[in-house]
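None of the figures in this text is laboratory data; all of them are computed from the coordinates on show. Predicted model only: the values in this text are computed from it and were never measured. As a convention, Cβ positions derive from the backbone with ideal geometry for all residues, glycine included, and neighbour counts pool all protein chains shown.
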Ligand code: ZN
Ligand code: ZN
């Protein structure tokens, strides 16, 4: 299959399976400038599917870095009202939102982590309302990735040129997203069904607690009453099915924000907003991080944990078998969208309110009473490996193996 066909397949996937674009709907795309070629392919297809309008928010890694280097702190921490209004306008209009992520883990290397975290916090505050639309599945949204040179070179440091690295990364993306298959939509429908089976099984099990054991990890995680496992395709409030991540290999729910105890060690580097955090561990008591270490990116981790009260608690628990197609690539992507789908992971920060029965109708106090974490942050980190064992504790106190040696110990 030639490159152009795979690119068209990929565009079709993000539009039809990802945001599931409907006739007469507006499409908003967040994209890096290096994705221009792909965005043009997507736009053409989107109009073909009946898009009413397409709006693109461009970003550029070089320009972003220049801003962090030179702009006054006040500029970094002030989000102009028109930008907030723009996002809200598209959400209220019921637009589909496609976010194309590039992922140069060194984009902000050397920049004062205090400046980065202040800027993250400001944008977290500014786009709170917009985030409620996505995190409550009020609109369809999808995150996908397109190679950029800096990112591709980080994944393939031995490539002889930027071009070669980009080509290699595209090949990986096409394989992992199944865009290189004859009928990717059909393959994805099967894949969504497999994930639905696992999700339904976990919902039926309704475990009260998960216990994780791996080198450096000894963690107990309570699952709140009414928690819901999700995975693959989910419907919006209005009933339109969509896939929020392409690729996706996980089933996930939320832990009780007050019910996490023990220590967890990461297994893959975390690219947190243009800086790498690695070889770190977090120790929890009653849901809160009370101690942490990091060999790399300690300051970044510290700032993340100090973002607000909820950023030192967990908002997501996700299970991914170690033999997922992404793990099989043997690569580290320094891109959470890819790395999290190769590995069991947890997220610091906000929980998806849809991970608990009635959650999207609860106010902040009710969410808190149900153990649903709230924060400006939501940062997934990878802690799965071939050495991870997980036990589930049933409501009546029976202990059952859920994962052994990094993969499912249960039959679905
Ligand atoms: Zn996840
Ligand atoms: Zn997440």
Inset, instruction - Please report, ordered by residue number, the strands (runs of 3 or more DSSP E) entirely within segment 1-104 with at least 2 residues that are touching a residue at least 24 places away in the same chain (Cβ under 8 Å), surrounded by fewer than 21 Cβ atoms within 10 Å (Cβ to Cβ) and more than 22 Å from the chain's Cα centre (by Cα). - result: 53-59
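Among the residues of segment 213-243, how many are outside any loop (DSSP other than H, G, I, E, B) and surrounded by 20 or more Cβ atoms within 10 Å (Cβ to Cβ)?
Of the residues in that region, 9 qualify.
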Legend entry - Where residue 376 falls short, out of the listed (1) under 15 Å from the mean Cα position of the chain (by Cα); (2) away from ligand 1 (no atom under 13 Å from the Cβ); (3) over 22 Å from residue 130 (Cβ atoms): (3)
Inset, instruction - Output the qualifying pairs, or none if there are none: Cβ atoms under 7 angstrom, residues six or more apart or on different chains, first residue in segment 341-352 and at positive phi, second residue away from ligand 2 (no atom under 11 Å from the Cβ). - result: 349/310; 349/311; 349/373; 349/375
Legend entry - When residues of segment 287-301 are limited to those that are out of contact with any helix residue (DSSP H, G or I) (no Cβ under 8 Å at 6 or more places or on another chain) and more than 29 Å from residue 410 (Cα to Cα), the one nearest to ligand 1 (Cβ to nearest atom): 301
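Give the residue that is nearest to residue 269 (Cα to Cα), with candidates limited to residues of segment 310-335 that are in contact with a strand residue (DSSP E or B) (Cβ under 9 Å, 6 or more places away or on another chain) and more than 15 Å from ligand 1 (Cβ to nearest atom).
Looking at the filtered set, the residue picked out is 334.
Could you check segment 252-276 and list, in sequence order, the residues that are in contact (Cβ under 8 Å) with a residue 60 or more places away in the chain, part of a strand (DSSP E or B) and crowded, with 23+ Cβ neighbours inside 10 Å?
Across segment 252-276, the qualifying residues are 252, 253, 264, 270, 271.
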Inset, instruction - Being within 16 Å of ligand 2 (Cβ to nearest atom) and either assigned to a loop (DSSP other than H, G, I, E, B) or out of contact with any helix residue (DSSP H, G or I) (no Cβ under 9 Å at 6 or more places or on another chain) (or both) is the filter here, so list the residues in segment 348-406 that pass it. - result: 350, 351, 352, 355, 372, 373, 374, 375, 376, 377, 383, 384
Legend entry - Residues (surrounded by 17 or more Cβ atoms within 10 Å (Cβ to Cβ) and closer than 26 Å to residue 109 by Cα) located in segment 282-291: 282, 289
Inset, instruction - Scan segment 131-169 for residues that are touching a residue at least 60 places away in the same chain (Cβ under 8 Å), farther than 30 Å from residue 93 by Cβ and buried (at least 20 other Cβ atoms within 10 Å of the Cβ) and jot them down. - result: 147, 151, 154, 155
Legend entry - Criterion violated by residue 327 - all others in (1) crowded, with 20+ Cβ neighbours inside 10 Å; (2) in contact with a helix residue (DSSP H, G or I) (Cβ under 6 Å, 6 or more places away or on another chain); (3) touching a residue at least 60 places away in the same chain (Cβ under 8 Å) satisfied: (3)
